[in-house]
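I have placed the structure first, in the form of structure tokens, so that the comments after it can refer back to it.
The values are calculated or read from the model by the stated rules, or taken from the named source; none is laboratory data. This structure is a prediction, so every number in the text was calculated from the model and none was measured. Quick reminder, even Gly has a Cβ in these numbers, built from the backbone with ideal geometry, and neighbours come from all protein chains shown. Surface areas here come from the heavy atoms of the whole protein model, side chains and all, with no ligands, DNA or RNA. Shrake-Rupley method; radii C 1.70, N 1.55, O 1.52, S 1.80 Å.
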Amino acid sequence: MRCRRVPVHASVTSYELHAIKGDVVGDAPSSADTTDGDSQAELILVVEDNPITRKTFGVVLGSAGYTVLEAGDAATALACIAKHRPAMVLQDLVLPDMDGIELLRRLRAHPHARDIPILGVSGFLARMNEATATNSGFTALVLKPIEPTQLLEIVRLHLDRAQANSGAKT
């Protein structure tokens with residue numbers, strides 16, 4: 001399984017997961033697609049199975065200057081996190097191939113996502129309550145639908161906090 005780069009918008013990059021038999025199918029992300037250093041602060045991974053919501057989040061974040069990686073399922077998210085170092089993950093709690101809390105556990109175990117903000121996003125209040133009750137490890141929980149300006153405020157708040165925390169550790 002590999003990520004395949006799919007152009008979406010000038011500052012939005014989408015990845016689809018494809019099973020590979022033998023040779024690589026499509027274009028795998030090049031080393032130029034991988035971010036590190038200061039540019040890391042602008043990379044956000046959006047994990048959302050609803051394509052309309054995923055694209056909406058991507059366009060809102062992209063229009064605010066963020067670089068966005070999109071994943072439609074947990075397997076794609078895990079493949080992307082292995083290749084990239086996002087500054088934040090926005091993750092749906094209900095995904096087609098894995099429970100959102102299990103994906104969070106796996107993301108937190110990965111060195112690229114261990115200390116970054118991971119925001120749980122859901123339109124199902126009961127699922128949000130479960131995530132809160134289990135002290136799941138999300139940085140914050142966001143209820144959908146959300147206004148674009150609110151989304152940007154929440155993202156900026158948590159990226160700023162993460163940056164301040166990482167600066168305090170050094």
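Listed values, structure above:
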quantity	calculated
Residue within the range 22-34 that is assigned to a loop (DSSP other than H, G, I, E, B), modelled with pLDDT under 50 and of a type in the set (D, E) present	yes
Qualifying position, being open to solvent by less than 60 Å² (accessible area, probe 1.4 Å), charged (D, E, K, R) and part of a helix (DSSP H, G or I), among R127, R105	R127
Considering residues of the range 130-143 that are surrounded by 11 or more Cβ atoms within 10 Å (Cβ to Cβ) and either among the hydrophobic types (A, V, I, L, M, F, W, C) or at pLDDT below 75 (or both) only, the residue nearest to L104 (Cα to Cα)	F138
Candidate set: the range 94-139, residues that are within 12 Å of the chain's Cα centre (by Cα) and among the hydrophobic types (A, V, I, L, M, F, W, C); chosen: the one farthest from H158 (Cα to Cα)	L103
Candidate set: the range 42-55, residues that are open to solvent by 40 Å² or more (accessible area, probe 1.4 Å) and touching a residue at least 40 places away in the same chain (Cβ under 8 Å); chosen: the one nearest to E147 (Cα to Cα)	K55
Test: M88 is crowded, with 18+ Cβ neighbours inside 10 Å, closer than 22 Å to T56 by Cα and modelled with pLDDT under 90	no
Every residue from the range 144-162 that is open to solvent by 80 Å² or more (accessible area, probe 1.4 Å) and over 27 Å from K83 (Cβ atoms)	P145, E147, T149, Q150, E153
Count of the range 66-84 residues which are open to solvent by less than 50 Å² (accessible area, probe 1.4 Å) and either in a helix (DSSP H, G or I) or on the phi > 0 side of the Ramachandran plot (or both)	8
